[in-house]
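Take a look at the structure below.
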Amino acid sequence: MTDCLFCRMVAGEIPADVVHQTDRVFAFRDINPQAPTHVLVIPKDHHATAGALAEADPALLGEVVVAAHAVARQEGLVSGDGAEPGYRLVANTGPHAGQTVPHVHLHVLGGRHLTWPPG
Ligand code: AMP
Ligand code: ZN
């Protein structure tokens, strides 16, 4: 039993709108989408931040990025071997960046022009 929201979603204890998964990675739609496509990609194992994951299991971080790209392709955000129309990956880390769930997640955002810099 864990009190981590995303671990509980991986375990099937809390519903998730799953769009892609592998043996080690899980991707589901954000409940409060900020763009036409807004998917969260996480490792099934619990790691708090992207940096912690990179230190503990760099290959798994690579698998998370590969899965994010696969989601982008599935959602029509990239075509062929190109990067158009494109998408954004975000890994909020810590309170200044607004991280609210302490289980590393890549936001995959796309489907509209995204402003830069973010707020
Ligand atoms: P962050 O603020 O970067 O930690 O991102 C956490 C994200 O998790 C937010 O965009 C939330 O909308 C999203 N979220 C929280 N609870 C759920 C849930 N039950 N299902 C899907 N997404 C969620
Ligand atoms: Zn977790």
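Report summary: the helix-based calculation at 222 nm, which adds -39500 (n - 2.57) for every DSSP H run with n ≥ 4 and divides by the residues of the chain, gives -7500 deg cm²/dmol. Rounded to the nearest 10 degrees, the angle from helix 58-74 to the longest Cα principal axis of the chain is 40 degrees. For the chain, taking the reciprocal of the average inverse distance between every pair of different Cα atoms yields a Kirkwood hydrodynamic radius of 14.6 Å. Taken about its Cα centre, the chain carries a charge dipole of roughly 260 debye when the Cβ of each Lys and Arg holds +1 and the Cβ of each Asp and Glu holds -1. The packing ranking of peptides 58-67, 37-46, 11-20, highest mean first, is 37-46, 58-67, 11-20, where packing means the average number of other beta carbon atoms within 10 angstrom of each residue.
Solvent exposure of the chain amounts to 57 Å² per residue of accessible area, where only protein heavy atoms count and the probe is 1.4 Å. Computed from phi, the 3J(HN,Hα) profile of segment 105-117 under the Karplus parametrisation 6.51, -1.76, 1.60 (θ = phi - 60°) reads 8, 9, 7, 9, 10, x, x, 7, 5, 9, 6, 9, x Hz, with x in place of Gly and Pro. Summary value for the chain: 29 percent relative contact order, contacts being C-alpha pairs under 8 angstrom separated by 6+ residues. Solvent-accessible area assigned to carbon and sulfur over segment 5-110 amounts to 56 percent, based on a 1.4 Å probe. In order along segment 90-99, phi translates into HN-Hα couplings of 10, 10, 4, 10, x, x, 5, 8, x, 5 Hz, rounded to whole numbers, per the Karplus curve 6.51 cos²θ - 1.76 cosθ + 1.60 with θ = phi - 60° and x for Gly and Pro. Extension gain for Ala54-Glu13 works out to 12.1 nm (0.36 nm per residue, less the C-alpha to C-alpha distance).
The values are calculated or read from the model by the stated rules, or taken from the named source; none is laboratory data. Only a predicted model underlies this, so the values are computations on that prediction, with no experimental measurement involved. Cβ coordinates were reconstructed from backbone atoms using ideal geometry, including for glycine residues, and neighbour counts include every protein chain displayed. Ligands, DNA and RNA are excluded from the accessible area calculation, which covers all protein heavy atoms including side chains. Shrake-Rupley method; radii C 1.70, N 1.55, O 1.52, S 1.80 Å.
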